[in-house]
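The values are calculated or read from the model by the stated rules, or taken from the named source; none is laboratory data. Since the model is a prediction, treat every value here as computed from it, not as a measurement. As a convention, Cβ positions derive from the backbone with ideal geometry for all residues, glycine included, and neighbour counts pool all protein chains shown. Side chains included, ligands, DNA and RNA excluded: accessible areas come from the protein's heavy atoms. Shrake-Rupley method; radii C 1.70, N 1.55, O 1.52, S 1.80 Å.
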Amino acid sequence: MSCTILYSTYYGSTRQYAEALAKQLNTTAQQIPDAPALNGPTVILAPAHGPLHDGVKLIKQLDPNQVEQIPIALVTVGMTIDEEVEKADATGKLLGGLAPHVKRFYLPGRLNYSQLNVQHKGVMRTLITALKIKPRKSDNERNMIDTYGKDVDRVDLARLEPIVDWANKQQAT
């Protein structure tokens, strides 16, 4: 059974991952539809923007029985450093009771301040200002301050390998 690849993107890194993944799995990637109908193994790629996550939103719209019966992987693309994102598992927390039924992956993304819209720039400026005055900063918070205002591309297509392995196993069953 073929694997369905769905994605949402703001600045392009998630689409880049989705298209590369689709190529490796000999399928196509498509943007998350308004009314999805999942029929088999599905990989959903979406960026994280604080508590906003289009992939989580999609999964929560599905019938819970469908989430339990269909293999679903949710790939979160973001700028949080690996150690912190894995420890925090914010995507799992957003999924709530559905989390045990969804395989979760994290991929590093791209944040080009030169391409941010005005609203996003304002949010980032406010966040960084607050972080600068915060005592006892985490490694991730220090990284955010250090890279503020800079174009940072951490996309690494080699990191798709575990997702490809997961999809291939799901398609084989």
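Of the beta bridges in the chain, as assigned by DSSP with both residues counted there, near 20 percent are antiparallel. To put it simply, the accessible area of the chain at a 1.4 Å probe is 50 percent carbon and sulfur. Classify region 1-43 as rounded, prolate or oblate, taking a ≥ b ≥ c as the square roots of the eigenvalues of its Cα gyration tensor: rounded when a/c is under 1.5, otherwise prolate if a/b is larger than b/c and oblate if not. Since a/c reaches 1.5 but b/c is at least a/b, the shape of region 1-43 is classed as oblate.
Take Val85: with every protein chain present and a 1.4 Å probe, its accessible area is about 30 Å². Largest GNM mean-square fluctuation among His53, His101, His120, using the chain with Cα springs under 10 Å: His120. Accessible area per residue for region 112-152, computed on protein heavy atoms with a 1.4 Å probe, is 70 Å².
Taking every protein chain into account, the accessible area of region 20-92 amounts to 51 square angstrom per residue (probe 1.4 Å). Against the criterion of solvent-accessible heavy-atom surface with a 1.4 angstrom probe, Thr4, Thr173, Thr91, Thr126 sort, most first, into Thr173, Thr126, Thr4, Thr91. Calculate log10 I(q)/I(0) of region 112-152 for q = 0.23, 0.27, 0.28 Å⁻¹, where I(q) comes from the Debye formula with a single equal point scatterer on each Cα and nothing for solvent. Once normalised to I(0) and log-transformed, intensities are -0.75, -0.94, -0.99. Mean-square fluctuations from a GNM of the chain, with a 10 angstrom spring cutoff on Cα atoms, peak among Gln115, Gln66, Gln30 at Gln115.
Comparing Cα centroids, region 133-168 and region 108-128 end up 14 angstrom apart. Charged side chains reduced to their Cβ positions (Lys and Arg at +1, Asp and Glu at -1) give region 64-163 a dipole of some 480 debye around its Cα centre. The relative contact order of the chain, computed from alpha carbon pairs under 8 Å that lie at least 6 residues apart in sequence, is 24 percent. Using helices alone, I'd like the mean residue ellipticity at 222 nm for the chain: each DSSP H run of four-plus residues gives -39500 (n - 2.57), total over residue count, nearest 500. My calculation for the chain gives -12500 deg cm²/dmol from helical runs alone.
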